[in-house]
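Remarks on the structure that follows.
What follows is calculated from the coordinates using simple rules that are stated; it is not laboratory data. As the structure is a computational prediction, the values presented were derived from the model and not from experiment. Neighbour counts are summed over all protein chains in view; Cβ atoms, including those assigned to glycine, are modelled from backbone coordinates with ideal geometry.
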Amino acid sequence: MIYRQPEPRSLWGFWIIEWEGSFHIFFDEDINADYNALSWQKQHDHIGHAVSRDLVHWETRPSLSVKGKPGEWNEMPSGGVMSGCVIRHENKFYMFAGATQRDNIQAVGIWTSDDLDNWKQHPDNPILKPSAPYYLENPTNERPSVSWRDPGIIYCKNDNSYHMCISAMQESESKINRLGSIIGHLRSKDLIHWEYLPPFSTPGLPERFYQNEEAELFEIKGKYYLMFDGGTTGGWRLATPDREDVRGSFYMISSKLEGPYYRPDDDFLIGNGMGARCATTGRVIDYQDKKLFFHFSIARRPAIGITKILQARPDGTLYLEYLQAAEKLETTVIYNSFCNIPEFHPQDLGQWQNSKEKLSCRVKCGGSRYRIARNTGDFHLSCSIIGTSALRAGIIARIHENGDGGVCPRGIGIILDFQKQKIFLSDSTCYPKTGWFCKELDYKNMLLSRNKHYNIRYFVRSEYLEVYLDDIWIFTMTIPEPGSVSRGYQEHYRFGPETANRGNIELMVEEGNAKFSGFRLATLEAMK
C-alpha cells in the first residue's frame, strides 16, 4: 500500500537493496497487465525498478526486459521471471533472477550493473542449475517441474564467503519428504562460481510445507534465521497456535548458519489465516541499526506493503513493529481527540457519553454504534479501547449506508472479542436495534484483559488495509475495488461505485461497558 505500478503495469515477487541512503526495489513485472487475470497468471517478463529515500514515496525507474530469444535459457515458454536478490561486490552490483526452461527445470542467471539502473546479462548464464548429489536435476512423475528459484544471499565474515539459500528439491524421495521440498545451500567467493553444499538442515519443514518460496537468510544477535513463504494450499492445511489455514511468511532459527534450524511454537511472521492470501514474501535489510521488513500484498493491482521493523524477543522469536515513517503519507489531521466529532444519536439501546477526551458506552442488550467520521477516504486512525465488561468492542470503517440490500449499512471492522479472546477483521452489517453483526474475515487468538488499554492503529488506503495492536503488526488485507473483482478472487462484500474508497467510521460495543480514548484521525495521500 505504499507503492504499486502505474497502469497498465503490475508487480509480483520483489527484492530490495539500500545504497547510499536510497532504497531500490526490483520486482517481477508485467508491462501490459490484464488486471482481470489472477496475479500469478500475468506475463512477468520484465524486472521493474522503483526508488525511494523515505520508504514512503517511490519513483518508478525504467524496467529491464529479461525475456530471452527462442532457444535461450530465459525464453520463458511458460510463466515468467522468478524473484531473486541484488548484492554489491567489489564495486559492482549483481542481480540474481530465474526462469523455467523448456525442459521444466528452473535456473538462475545474473545481471551486473555499476549504478543499479543499467544492467548487462552475464555471458555464462544461467549461472546456476539444480545438480546432484544433493538436489533433484530432472522432472519426475510426482514433480513435473524442478524447483530451483528465488535465491537469497548473505555474506558471512567467518569464512569470507557468500551463502545462498534457494527453493529446491531433494535428489531422491524419502518416506518423510515425499514432495522433496528443501532449502538449498550454496557458497561462493565471487558470486559467479558456486560450491553446492548439502541443503540447510531444517527438521520438520518438509512435513509441514508443501513447498517453500522466496527464502531469506539473515542474522540477529548471534542467531541465524531462515524465512520463507508457504502455508495452506489445496489439501495441505497449516495451522499455528493463533490462526487456522495460514499462508504467508514463516521462519526457523539456528545458532549456526548451516543449521540445524528449529521451528518455534509459532513460526508465523506475516500473512493471513482462514485460507486468505494477501500479505506475503517477506524481505529483510539492515539500515541504521535496524532490521527493516518489506512485503507485498496480493490484490487486483498488487502493492508493496508498509515497511516495518523486524524485532527479536529474548528467546529469539520474531515480531513486526510499526515504523513511524508511514505517517509521511498523511495529508491532514482531521481529529486529535473526540472534542470536535459530529454529534450522533444512535437509534439503538446504547448509552454514550462524550467527555471530549474519552467516549464511553454502556449497552445492556445487543449492540450499539457511534459515528465518529463521515465520508472519509484513505486514512490513518489510532484509538485506545478498554473493554471493561463488553463482550466485544471495535472500529468499523468504509461504511456504505446502503451496503446490504439497500437497507443495512455495511463496512469492515477491527473487533476486540473479550468473550472469545481474539482480535478479528470483520465483514460487518449493521441492524437497526441490535448494532453491528461482524463476520470474521481473518483472526488472531490472544489473551485480552479487562481494564487494559489496547491501542489500535488502522490504515486504509485504496483497496488495502493494515492493522497494528499496541504497534505490533496484526493484519493486512485487501478490499476488492467496486466493479473490479478479478476472476478467482474471493469477494468479501460489495460496495456501490459511488462509495469507492470512501465511507463513514463508527465505534461499536456489544453487551457491556467500553471506553475509547486517544483518538486521532488523519487523511492519507491517494494511491496512484
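Count neighbours as other Cβ atoms within 10 Å of each site's Cβ, and list the trypsin sites (Lys or Arg not before Pro) in segment 1-97 that are DSSP loop with at most 16 such neighbours.
Answer in residue order: ARG53, LYS67.
Given 0.36 nm per residue, what is the gain on full extension from ARG450 to GLU171 after removing their alpha carbon distance, in nm?
Once the chain is fully extended between ARG450 and GLU171, it gains 95.0 nm.
Step through the table entries LYS256/LYS308; LYS42/LYS69; LYS256/LYS291; LYS308/LYS356; LYS356/LYS515, compare each Cα-Cα distance with 21 Å, and write down the pairs that go over it. Numbers along the way, then the final one.
Working: LYS256/LYS308 26 Å; LYS42/LYS69 19 Å; LYS256/LYS291 19 Å; LYS308/LYS356 32 Å; LYS356/LYS515 12 Å.
Check vs 21 Å cut-off fails for LYS256/LYS308; LYS308/LYS356.
Please list, or write none, the aspartates and glutamates whose alpha carbon is within less than 13 Å of the alpha carbon of LYS452, excluding same-chain residues fewer than 8 places away.
Filter leaves ASP470.
Would you mind computing, in nm to one decimal, how far apart the modelled labels at SER22 and ASP245 are, each placed 7 Å from Cα along Cα→Cβ?
Going from the SER22 label point to the ASP245 one covers 4.4 nm.
Which trypsin sites (Lys or Arg not before Pro) does segment 205-275 hold that lie in a coil by DSSP with at most 14 other beta carbons within 10 Å?
Listed in order of number, the matching sites are LYS221, ARG237, LYS256.
For segment 281-295 and segment 235-262, compute the distance between their C-alpha centroids and round to whole Å.
Between the Cα centres of segment 281-295 and segment 235-262 lies a distance of 19 Å.
In straight Cα distance, which lysines are under 20 Å from LYS433, not counting same-chain residues fewer than 8 positions off?
LYS364
Quick check on packing: order 350-359, 262-271 by the mean number of other C-beta atoms within 10 Å, highest mean leading.
262-271, 350-359
Among the listed pairs LYS129/LYS157; LYS290/LYS444; LYS67/LYS221, give every one whose C-alpha distance is greater than 29 Å.
Cα-Cα > 29 Å for LYS67/LYS221; rest within.
Which whole-number percent is the relative contact order of the chain (Cα, under 8 Å, 6+ apart)?
Answer for the chain is 12 percent.
What does the charge count near LYS67 come to, summing +1 for each Lys or Arg and -1 for each Asp or Glu among other residues with Cβ under 14 Å from its Cβ?
The answer is -3.
So what is the 222 nm mean residue ellipticity for the chain from helices alone, if each DSSP H run of at least 4 adds -39500 (n - 2.57) and you divide by all residues, rounding to the nearest 500 deg cm²/dmol?
Details: 1 runs with 4 residues, N = 528.
Computed mean residue ellipticity for the chain: 0 deg cm²/dmol.
Give me the net charge of ASN504's neighbourhood, meaning all other residues with Cβ under 11 Å from the Cβ of ASN504; Lys, Arg count +1, Asp, Glu -1.
Details: positive: ARG369, ARG371, ARG374, ARG398, ARG410, ARG502; negative: GLU401, GLU506.
With Lys, Arg at +1 and Asp, Glu at -1, the net is +4.
If Lys and Arg each add +1 and Asp and Glu each add -1, what is the summed charge of the other residues whose beta carbon sits under 11 Å from the beta carbon of TYR225? Don't skip to the answer; put the middle values down first.
Values: positive: LYS221, LYS223, LYS291; negative: GLU216, GLU219, ASP267.
Around TYR225, the charge tally is 0.
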